[in-house]
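The block underneath contains the structure these notes are about, expressed in structure tokens.
The values are calculated or read from the model by the stated rules, or taken from the named source; none is laboratory data. Please read these numbers as outputs of a predicted model, since none were measured by experiment. Cβ coordinates were reconstructed from backbone atoms using ideal geometry, including for glycine residues, and neighbour counts include every protein chain displayed.
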């Protein structure tokens, strides 16, 4: 079974050499934009491409405000700071995520609280979020407090895993009921929609990443989006070192962050944005091909959208019936020039966060032991 599956994956990518998990797709458009930026000499945090990139993200996602940052972690750190997360607070997040999610919480002096994912789309489970808030928290006039740690719950961060939109409307409904602020970690889900709305635009703030392995890339880069005017303006101010605008003087009115995206990176991002819709279409067709071939493997499940979702299928994820079979697949595929990987080790088990409070991570543990990501790069792009 495993050898046949590897052959089928190779047939999708149509080559016998090494097949990576996910690589960027560049052409002359990218080179021309970067060279134009170099010729302009505006390669740092001032330049037309940064503004254009922000404008195009607003147009693509429907967000009212967009602020470009050096990476997705910087965007998330800024988002948490803007929502008032500070020393000794707690932020609810899922243990099934990349460590940057919890690192950004720690940068604020706060602590993550881990609540389990749901098994359909591998994102924060709204039912377990509600249960944690009802059963494990104290509700006071000045906020909600973890019974076990006595710390105040300041916000919720939900991550859309592998580009698949999670149950964001249901999570937001719980957050609204309990008066909690919601951040969407949409680092992987640019181009994904839930009930017609772009991921990242449903919570109070959303963030995207443009790291080298994302659906589009500028080598690094991140973006903070929001529909709140005050948050949008303050995000721009904070990420440009809180400098008061002036043609030549340097006055700063608070402690800010040097997080502004360089114009050189933004030039590549603008070029990539011109191809984003095509990339989404191609990746969706790749997932359709995986779905067709996996009909021959009833013991393997491919994570797929339903009628309310449109996924960018950033990384296709398959679920095996057991960890032993999954591990055998990982070993055999990587030994045969097909790059595959397991999900992240659960953050709740990792050394920096193993002592943080964890509420029911049953599904996270199960999925982390049985899932494998398979090659999902854009292919046959002719734009």
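Residue count for the range 221-247 under the criterion of being surrounded by 19 or more Cβ atoms within 10 Å (Cβ to Cβ) and in contact with a strand residue (DSSP E or B) (Cβ under 7 Å, 6 or more places away or on another chain): the result is 10. Of the residues making up the range 19-43, those that are outside any helix (DSSP H, G or I) and exposed (fewer than 12 other Cβ atoms within 10 Å of the Cβ) number 1.
All conditions but one from (1) surrounded by fewer than 20 Cβ atoms within 10 Å (Cβ to Cβ); (2) closer than 23 Å to residue 194 by Cα apply to residue 311; the one that does not is (1).
So, residue 212, is that one outside the structural domain of residue 314 (by TED's automatic domain parsing), in a loop (DSSP other than H, G, I, E, B) and on the phi > 0 side of the Ramachandran plot or not?
Values: outside the structural domain of residue 314 (by TED's automatic domain parsing): yes; in a loop (DSSP other than H, G, I, E, B): yes; on the phi > 0 side of the Ramachandran plot: no.
No.
Scanning the range 32-57 for residues that are without any contact (Cβ under 8 Å) to a residue 60 or more places away in the chain and under 22 Å from residue 383 (Cβ atoms) turns up 35, 55. Only residues that are more than 29 Å from residue 88 (Cα to Cα), surrounded by 20 or more Cβ atoms within 10 Å (Cβ to Cβ) and in contact with a strand residue (DSSP E or B) (Cβ under 7 Å, 6 or more places away or on another chain) were counted in the range 321-366, giving 5.
Residue 55 - would you say it is within 26 Å of residue 340 (Cα to Cα) and part of a helix (DSSP H, G or I)? When the stated conditions are applied, residue 55 does not pass them. Checking the structure you have, find out if any residue of the range 147-167 is surrounded by fewer than 17 Cβ atoms within 10 Å (Cβ to Cβ) and in contact with a helix residue (DSSP H, G or I) (Cβ under 8 Å, 6 or more places away or on another chain). Looking through the range 147-167, none of the residues is surrounded by fewer than 17 Cβ atoms within 10 Å (Cβ to Cβ) and in contact with a helix residue (DSSP H, G or I) (Cβ under 8 Å, 6 or more places away or on another chain).
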